[in-house]
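Trainee: Questions regarding the structure given below will be posed in turn.
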Protein chains: 2
Amino acid sequence: MARHAGVSMGTVSNVLNHPAKVSEQTIARVRDAIDTLGFVRDANASSLAAGGSRSIGLVVINLGNSMFVDVARGAQTAAHTAGLNLLLAGSEDSFAVQGANVDSFNEARVQGLLLAPLQDSSSQTRRMTQRGRPVVIVNYDASSDPVCCVVVDNEQVGYLAAKHLLDSGCERIAFLGGEDEKFQPVRLRRRGVRRAMAEAGRPVAFEEIAVDELTDAAGARAADAVAARSPGMRPDGVVAVTDTVAVGFIERALDLGIDVPGQIAVMGCDRNTSAPDCRVPLSSVAMQGYEMGTAAMRLLLDEIAHTPNHVHQRVVLAPSLVVRASTAGFRGGAADSHGTASEDDSSEVVNAG
Amino acid sequence: MARHAGVSMGTVSNVLNHPAKVSEQTIARVRDAIDTLGFVRDANASSLAAGGSRSIGLVVINLGNSMFVDVARGAQTAAHTAGLNLLLAGSEDSFAVQGANVDSFNEARVQGLLLAPLQDSSSQTRRMTQRGRPVVIVNYDASSDPVCCVVVDNEQVGYLAAKHLLDSGCERIAFLGGEDEKFQPVRLRRRGVRRAMAEAGRPVAFEEIAVDELTDAAGARAADAVAARSPGMRPDGVVAVTDTVAVGFIERALDLGIDVPGQIAVMGCDRNTSAPDCRVPLSSVAMQGYEMGTAAMRLLLDEIAHTPNHVHQRVVLAPSLVVRASTAGFRGGAADSHGTASEDDSSEVVNAG
DNA sequence: CTGAAAGCGCTTACAG
DNA sequence: CTGAAAGCGCTTACAG
């Protein structure tokens, strides 16, 4: 390769990495040789010699959820802007697989890691941070750990969902939430729902209906419980803690002859386009995956550049309401009092500001 | 590290890579040292010294389509079974990005590549195959090139979709397909639809309605055209070439007062859970992403192991019908003549066998 | 079963 | 601006 161009391999390396140090003629000669020989640089040797790779790792809990694909898109864009490569891995909802992914990127000597976990993962990230490779946590509040994180305001998610039902004229609201407090977003969304209730400014009935897991089956069981009551005792607005639970509720409610949104308006909470199909397009609250990805990469690059003078921060993004048919046709529906903007799928989006 | 365990680094390497060659005592001592020192092997140095990485690359055209996430899952499973690592990248529907991903894996010295493209990509894969790294093409028929490929039988996709409408009692069938022949699946699905028509065994009207792009907007325009006719001149069964086109058609049809499936039964063709929301859950034909992933990895590993005595093959997987509400309630509906099996979402699946 | 040594393909100061 | 040389952290025959 180097001899084919009549130069040393040090010069070839400079053409590839520091072209400003090489004369134009030499660059042209080397590039010719690269093309004719089909030379492809060995990134392993390169990283080894340079003392580190030009890559950032991104590990998300599940690529089956479209929000995390959005995160990857955002991170990818920001990484390329910085001239870095993005390595991507999904964890299939498994903490163990996530750990293997983190280790794999650690072995690959990534410059830093973006991690979207379901639970506290400090035991896994320590393996990176100990070696001076910064970690930024995405979509999980890890602010008790010494790391940066970027999240969507889940309290605001619950608030927007409940507020929208109140604005639509609902008088008896139910929150379908998990029984336990382990799952961080459940706790926060419930709190937001309660805040909206407290601010309602008029008497509104409120209840919680426990779902024992975050599945459509659990949502369906909640619908069974509601349908068993006399119609006057049923809620007329439901906030389900996830879209999947909401879909389960709606489908079963329809099967049981309850009109959605005519008799009960239903909100999801995480705008999950991977949720099961639903006969009634679901109003929900969008989680801003792309923006989480870009923001997280920005934090990570800052930490890489300014270690050890870096101050950890927590970035909280505002979620936005997405209004579709599962609430738009509620029979008591007063118009939403917010300003609205059309999306290209002709649903309405209200930014949380 | 090695000195902390009191052994040479050659022995450490053997503990990690060939533990059978090391005594149990030494292994224990080395593992202790690894744990206490938090040692993490440098995969770059490892690949360089070993003359190749332990990784396979997978490049898919877009991770936003859930089918490709399924492909990744299948490939991942098969790779881990073989003790290999799976590197994953999405191309955002861009041929240029795809090329960058291929180059990146080429530089990483992967053992082989799985590529799910939208078009002929031999110009990009040549960069890998020239260097002795096998490539398997996924979800695209590249059998004119010297590579293995694994596809779903797209002719059968069209056939199953049309056959299901015929079995449901439709008498006037329309195919919503692309105008041009550039997009391989369009051509094949159309052919399958025509075969089903030819086999109908009774007089059935057939027409094609051209859509100029594979979007929901194009589907909506097709619905406009249909609605403009007198009701007696409309099709009563529609096969849309993709789910996204089908959703656009259905939503507009409903807006225009046409009942789906009451007046028109509608089939999609690629079971795309990333398609826009639809008021009527969509019958479609599932594309077997996971199985494509495992099959492709199997072909690739065979080629890696048996080069140059490897014979390229094309694996064709059978698609399967997924019946949901957009056809199930057609007013003329005779029962489907096939045996059926319940899915956990209580839709019906008929395997193409 | 273990160690010493060569070498993988690059990058990076350092001379010139 | 260019080349020669050392070295990155491993793996792999090869001796012992």
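All of the numbers you see were taken from the coordinates with simple rules; none came from a lab. Treat the numbers as computed from the prediction; the structure is a model and nothing was measured. When we count neighbours, we look across all protein chains shown, and the Cβ atoms used for this are built from the backbone with ideal geometry, even at glycine.
Trainee: At 7 Å along Cα-to-Cβ for each site, give me the label-to-label distance between B:Glu107 and B:Glu213 in nm.
Mentor: 3.3
Trainee: Now, a different point. Which distances, shortest first and in nm, link B:Gly232 to the matching position in the other copies, using label points set 7 Å out along Cα to C-beta?
Mentor: Label-point separations across copies, in nm and ascending: 5.3.
Trainee: So if each residue of separation counts as 0.36 nm, and I subtract the Cα-Cα distance between A:Asp35 and A:Asp120, what length gain in nm does that give?
Mentor: 25.8 nm
Trainee: While we're on this one: Ratio of alpha-carbon Rg to the 2.2 N^0.38 Å globular estimate for the stretch B:79-137, to two decimals, please.
Mentor: Dividing the Cα Rg of the stretch B:79-137 by 2.2 N^0.38 Å gives 1.08.
Trainee: What aspartates and glutamates does B:Lys163 reach when the alpha-carbon gap must be under 18 Å and sequence neighbours fewer than 8 apart in one chain are set aside?
Mentor: Partners found: B:Asp153, B:Glu155, B:Glu171, B:Glu199, B:Glu207, B:Glu208, B:Asp236, B:Asp243, B:Asp270, B:Asp336, B:Glu348.
Trainee: How shielded is A:99-111 by partner chains, expressed as the average number of their Cβ atoms within 10 Å of its Cβ atoms?
Mentor: 3
Trainee: Return the long-range amide H neighbours of B:Leu114 (sequence gap of 5 or more, or a different chain), with a cut-off of under 5 Å between placed amide H atoms.
Mentor: B:Gly57, B:Leu58, B:Val59, B:Val136
Trainee: Counting partner chain Cβ atoms within 10 Å of every residue's Cβ in A:40-53, what's the average?
Mentor: 5
Trainee: Let me ask something else. Restricting the calculation to Cα positions, tell me the Rg (one decimal) and the Dmax (whole number) of the stretch B:152-285 in Å.
Mentor: Gyration radius and largest Cα-Cα distance of the stretch B:152-285: 13.1, 38 Å.
Trainee: Can you give the helix-only mean residue ellipticity at 222 nm for the protein assembly as shown, where every DSSP H stretch with n ≥ 4 adds -39500 (n - 2.57) and the sum goes over all residues, rounded to the nearest 500 deg cm²/dmol?
Mentor: Mean residue ellipticity at 222 nm (helix-derived): -13000 deg cm²/dmol.
Trainee: Going by C-beta contacts inside 10 Å, put A:Tyr159, B:Tyr290 in order with the fewest on the left.
Mentor: B:Tyr290, A:Tyr159
Trainee: Sticking to Cα atoms, compute the Rg of chain B to one decimal and its Dmax as the biggest Cα-Cα distance, whole number, in Å.
Mentor: Reported Rg and Dmax, both Å: 25.4, 89.
Trainee: Quick one: compute a quarter of the convex hull surface over the Cα atoms of the stretch B:2-41 and quote it in nm².
Mentor: Seen from a random direction, the Cα hull of the stretch B:2-41 projects 2.4 nm² on average.
Trainee: Something else now. Points 7 angstrom from Cα along the Cβ direction at B:His4 and B:His312: gap in nanometres?
Mentor: It is 5.0 nm.
Trainee: Continuing with this model, one more query. Could you work out the mean count of beta carbons from other protein chains within 10 Å of each residue's beta carbon in A:60-69?
Mentor: Per residue, the average neighbour count from other chains is 4.
Trainee: For B:Val241, which sequence-distant residues (separation of 5 or more, or a different chain) have an amide H within less than 5 Å of its own amide H, given hydrogens modelled in the peptide plane?
Mentor: Residues meeting the amide H criterion: B:Leu176.
Trainee: Please list the equivalent ellipsoid semi-axes of the stretch A:1-146, computed as the square roots of five times the alpha-carbon gyration tensor eigenvalues, in descending order and whole angstrom.
Mentor: 38, 15, 13
Trainee: On to the next question. Which of B:Ser66, A:Ser230, A:Ser23 has the fewest other C-beta atoms within 10 Å, and how do the rest follow up to the most?
Mentor: Lowest count first: A:Ser230, A:Ser23, B:Ser66.
Trainee: Moving on. Could you bin all the Cα-Cα distances of the stretch B:182-247 into 5 Å bins starting at 0 and give me the percent of pairs in each, rounded to whole numbers?
Mentor: Spelled out bin by bin, the stretch B:182-247 gives 3, 15, 24, 24, 19, 11, 3 percent.
Trainee: List the DSSP H helices in chain A whose Cα atoms stretch 24 Å or more along the helix axis and whose mean Kyte-Doolittle hydropathy is at least 0.0.
Mentor: A:289-306
Trainee: Kindly write out, for the stretch B:260-267 in residue order, the coupling ³J(HN,Hα) from the Karplus curve 6.51 cos²θ - 1.76 cosθ + 1.60 (θ = phi - 60°), rounded to whole Hz, with x marking Gly and Pro.
Mentor: 10, x, x, 9, 10, 7, 10, 10
Trainee: Assigning unit charges at the beta carbon (Lys, Arg +1; Asp, Glu -1) and nothing else, what dipole magnitude in debye, to the nearest 20, does the protein assembly as shown show about its Cα centre?
Mentor: I would put it at about 1980 debye.
Trainee: Kindly work out what percent of the DSSP beta bridges joining two residues of the protein assembly as shown are antiparallel, to the nearest 5.
Mentor: The answer is about 20 percent antiparallel.
Trainee: Once the label point is set 7 Å along the Cα-to-beta-carbon vector, what list of distances in nm do you get between A:Gly132 and its counterparts in the other copies?
Mentor: Values, ascending and in nm: 3.6.
Trainee: Give me A:Val266, A:Val147, B:Val7 ranked fewest to most by other Cβ atoms within 10 Å of their Cβ, as a rough exposure proxy.
Mentor: In increasing order of surrounding Cβ atoms, one gets B:Val7, A:Val147, A:Val266.
Trainee: Can you quote the Å³ per residue value for the convex hull of the Cα atoms in the protein assembly as shown, rounded to an integer?
Mentor: 197
Trainee: How many nm is it between the label spots at A:Gln263 and A:Gln130, if each spot is 7 Å from the Cα in line with the beta carbon?
Mentor: According to this spin-label approximation, the distance is 5.9 nm.
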